[in-house]
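Read-outs: derived from the displayed coordinates by stated rules, not from any lab. Just so it is clear, the model here is predicted, and its values are computed rather than measured. Note that each Cβ is placed from the backbone with ideal geometry, even for glycine, and that neighbours are counted across all protein chains shown.
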Amino acid sequence: MQPILSRLAAGVVLALGLHVAHAATVNGVTISDAAIVEAAKAAGLPDTPQSREVIKQQLIARELFRQEASKDKALEARPEVQTQLREARNQILTQAWLKDRIKPEPVTDAQVRARYDAIAASLGAMEYKARVIELADDAAAVKALARIKAGEDFAKVAQDMSLAPTRTSGGALDWISFKVPAQEGHTQSLPLPIAEAISTLPAGGVSPNAVTWNARRYLVKVDALRPTQVPSYDAAAPGIRQALQAQALERATVALVTGLLTKAKITQ
């Protein structure tokens, strides 16, 4: 049936005078320009002749693999392959269903402007480029501080000892600004004790003692300070809109899950 449908479709294309761009064929199976462009887009590659050629060769190899795999009739019958096929099918169906059902509220220009104004109003006079080392206890903090006082690079100590995800970047934080004195809830999500330590240090300064927060110890260094640079609304709006859209998607997802949970019979 499928070859008949394919021939009929091809006949329609020819009859209508339409052009289908074929970048390659693999044992008679077509790899179209559209498939290459879509694959490049999914991979985050720019649409250039070079990237198209790379993707084309990858798709050719993948099609060769697929054709060879399809010849092995025992392969699909393997239990682990059957399990993976079911999981892949379920994943595709689930994603399609979620795409249809999750309808986040649209983000308006007014909401983007309001968020921009709120962020701009929360900024202080200075911006700080800081590094933070998160440690488990006083003993670890004393050891780390001793290494720093002995002349070791703060970033190296962070890479060796920090428990925070930023350890790979030497404890580096993004530029951050907040009003001084720092107040709870107005530190751009930075823990208040850490924000207070940052705001008291000069450029190049390291906290003389560990800061305690949430049962952990933190050492702080300020790499640089500068007057706060507030981006224009036009420059900041795309990022703000994206963040608000992500929040709207999260709210819609939570609402959907909550509704399903109230109707479901679940035993644990």
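In table form, for the structure just shown:
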quantity	calculated
Percentage, to the nearest whole number, of Cα pairs in region 118-227 over 19 Å apart	39 percent
Whole-number percent relative contact order across region 20-72, with pairs defined as alpha carbons under 8 Å at least 6 apart	30 percent
Listed values (i) 20.5, 64; (ii) 28.0, 81; (iii) 20.7, 70, entry calculated as Rg and Dmax of the Cα atoms in Å	(ii)
Kirkwood Rh and Cα Rg combined as Rg/Rh, region 42-170	1.20
Degrees, to the nearest 10: 79-101 long Cα axis against longest axis of the chain	70 degrees
Check: region 179-227 dipole with +1 on Lys, Arg Cβ and -1 on Asp, Glu Cβ, in debye	80 debye
Largest to smallest principal axis extent of the C-alpha atoms in region 134-183, angstrom	32, 22, 21
Pairs beyond 26 Å (Cα-Cα), from 41/129; 41/99; 56/99; 143/221	41/129; 56/99
Under-5 Å amide H pairs with residue 178, H placed in peptide plane, nonlocal only	124, 126
log₁₀ of I(q)/I(0) at q = 0.13, 0.15, 0.22, 0.25 Å⁻¹ - region 20-72, Debye sum with one point per alpha carbon	-0.31, -0.40, -0.78, -0.93
About the Cα centre, charge dipole magnitude for the chain (Lys/Arg +1, Asp/Glu -1 at Cβ), debye	540 debye
Label-reachable residues, region 99-133, where backbone N falls under 16 Å from a point 7 Å from residue 260's Cα toward its Cβ	99-104
Mean residue ellipticity (222 nm) of the chain, computed from DSSP H runs ≥ 4 via -39,500 (n - 2.57), nearest 500	-18500 deg cm²/dmol
Stretch gain in nm, segment residue 33-residue 188, where the contour uses 0.36 nm per residue and the Cα spacing is subtracted	51.2 nm
Separation in nanometres of the label points that stand 7 Å from Cα toward Cβ, at residue 159 and residue 78	4.0 nm
Förster-model FRET efficiency, 25 Å R0, residue 237 and residue 105, C-beta, rounded to 0.05	0.90
Alpha-carbon centroid distance for the pair region 159-233 / region 20-97, whole angstrom	46 Å
Relative contact order (%) - the chain, alpha-carbon pairs under 8 angstrom, separation at least six	18 percent
Theoretical gain in end-to-end length, residue 245 to residue 229 [0.36 nm per residue, Cα-Cα removed]	3.3 nm
In Hz, Karplus ³J(HN,Hα) per residue of region 245-259 (6.51, -1.76, 1.60; θ = phi - 60°; x = Gly, Pro)	5, 5, 5, 5, 5, 5, 4, 5, 5, 4, 4, 5, 4, 4, x
Given charges at beta-carbon only (K, R positive; D, E negative), |dipole| of region 209-268 in Debye	300 debye
